[in-house]
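Below is one structure, written out as C-alpha cells, with a few remarks after it.
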Amino acid sequence: MGRKLKFAALALIAVAAGVYVNNTSLLTPHPGSKPVLLAHRGMAQRFDERGVKSDTCTATRMLPPTHDYLENTLPSMRASFEAGADIVELDVHPTTDGQFAVFHDWTVDCRTDGRGVTREQSMAKLKMLDIGYGYTADGGKTFPFRGKGIGMMPTLSEVLATFPDKGLLINVKSRDASEGETLAAALNALPAERRRTIMVYGGDEPIEMIRRLTPDVRTISRAAIRSCLIRYIAYGWTGLVPPACRNAMVLVPVNVAPWLWGWPNRFLNRMTDAGSAVFVLGPYSGGEFSTGIDTPELFARLPQGYSGGIWTNEIETVARIAGKSKD
C-alpha cells in the first residue's frame, strides 16, 4: 500500500508540474510591445456611472466637461486616434433609408432635440438633429452643447471613408438577426484587408449572423463572452481554446483575468494563435454596465509589461500611462 501511495503522489506531482509548465508565463517569451488601446465611444463626455443601466439617459448625468467632443462623431474619433488610440468603438443603428447611423442610444430622446426610436427614422431626418441638445452637468440649468451638434450624427459609410485604415469596433445595438445580415453585406463590400481591421460586437442574433456571413471579421456577443471565459477557465489548462474564443474579440474584466490559465503572456499567445484579440475591461460585478481601464489605479492592476488590448473611456489618460500619447 505504501508503494502505491508513493506512486500516486509522484504521479500527482508530475501532473501538477506538467500543468504548471504548460501554463506559466515565466517560460513564455515577453512580446515587448506596448498595449493596444481601444477608445470606447471615442473621445466622449463622462458621466456619473453609479447605478447606470442600459436605458439610463447618461447625457443628463454628465460631469463638468473638460473638452468639447461628443461621442460617436467624426471629430471625437479623430481626436481619439490623435491621442493614441489604436481602435475606436462606435455604435450603429439601421435607418429606414438603408444606411447605418452612428449613434449610441436606442432612441434619440435623451441626447437630441428629436423624439422616437433611432432605427425607425431616416438618415436624412437624423442628420437634422442636434446631438448635443440634451447634455447637462447641473441638472438642466445649462446645456453647454446645445446648437453645437446639428448635423453631426455620421453614417457608418462616412466613418469608413474618413478613417480608411484605422481600427474600428462596431457595436450592434439590437438583437435583430436581419441587422446582422445587412451589416455583413456592408462589410463584405470592403476589401479583405480592411475587414481585418474591423471588429463587431453586440446582440447574440446579429453577431451570429455576421460570424457566419463574414468569417474574417472578429466578433463577440454577450453569450459568446460568457462561453469563452467559462470554458477556458474550465479546461484552458490543457492548452485547448474554446470555439467561442476563436476568431473573436475576447473581453476580459480585470478581476477575472488572474483566473485565466497562462495569464498574461501564455493566454495572449494562445488567443493570438486562435485568431483572436484580447481586451481588458474594468472590474465586473454583475449587471448590465461594465467600466473600462480608466484610472492609474486600474491600469496598475495590469501585469507589468502587459501587451494585450485595453478598453478605456479615458483615452488621453491611459495613452499617457501606457507611453502611447502622441503629445
List pairs: first residue in the range 175-188 and among the hydroxyl-bearing types (Ser, Thr, Tyr), second residue open to solvent by less than 40 Å² (accessible area, probe 1.4 Å) anywhere in the structure, Cβ distance under 7 angstrom, at least six positions apart or on different chains. THR182/PRO94
Check the range 69-89 and report whether any residue there is aromatic (Phe, Trp, Tyr), open to solvent by 20 Å² or more (accessible area, probe 1.4 Å) and at pLDDT 95 or above. yes
If we scan the range 216-224, do we find a residue that is farther than 24 Å from PRO164 by Cβ, open to solvent by 40 Å² or more (accessible area, probe 1.4 Å) and without any contact (Cβ under 8 Å) to a residue 40 or more places away in the chain? yes
Residue in the range 47-65 that is of a type in the set (Lys, Arg), within 26 Å of ILE207 (Cα to Cα) and in a loop (DSSP other than H, G, I, E, B) present: yes
Of ALA83, ALA124, the only residue that is over 19 Å from ILE198 (Cα atoms) and either free of Cβ contacts under 8 Å to residues at least 40 places away in the same chain or of a type in the set (D, E, K, R) (or both) is ALA124
Residue under evaluation GLU205, criteria (1) farther than 18 Å from ALA277 by Cβ; (2) open to solvent by less than 10 Å² (accessible area, probe 1.4 Å), criterion not met: (2)
Run down LYS148, LYS166 and say which single residue is open to solvent by 60 Å² or more (accessible area, probe 1.4 Å), within 19 Å of ARG78 (Cβ to Cβ) and in contact with a helix residue (DSSP H, G or I) (Cβ under 7 Å, 6 or more places away or on another chain). LYS166
Neighbours by Cβ (under 9 Å, 6+ apart or cross-chain): first from the range 151-167, more than 14 Å from MET199 (Cα to Cα); second open to solvent by 50 Å² or more (accessible area, probe 1.4 Å) and of a type in the set (A, V, I, L, M): GLY151/MET128
Sort out for me the helices (runs of 4 or more DSSP H) sitting completely within the range 243-327 that have 1 or more residues that are more than 22 Å from ALA85 (Cα to Cα) and open to solvent by 50 Å² or more (accessible area, probe 1.4 Å). 265-273
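The values are calculated or read from the model by the stated rules, or taken from the named source; none is laboratory data. Remember, predicted model here, so these are calculated numbers, not experimental data. Neighbour counts are summed over all protein chains in view; Cβ atoms, including those assigned to glycine, are modelled from backbone coordinates with ideal geometry. Please note that ligands, DNA and RNA were not included when accessible areas were found on the heavy atoms of the full protein model with its side chains. Shrake-Rupley method; radii C 1.70, N 1.55, O 1.52, S 1.80 Å.
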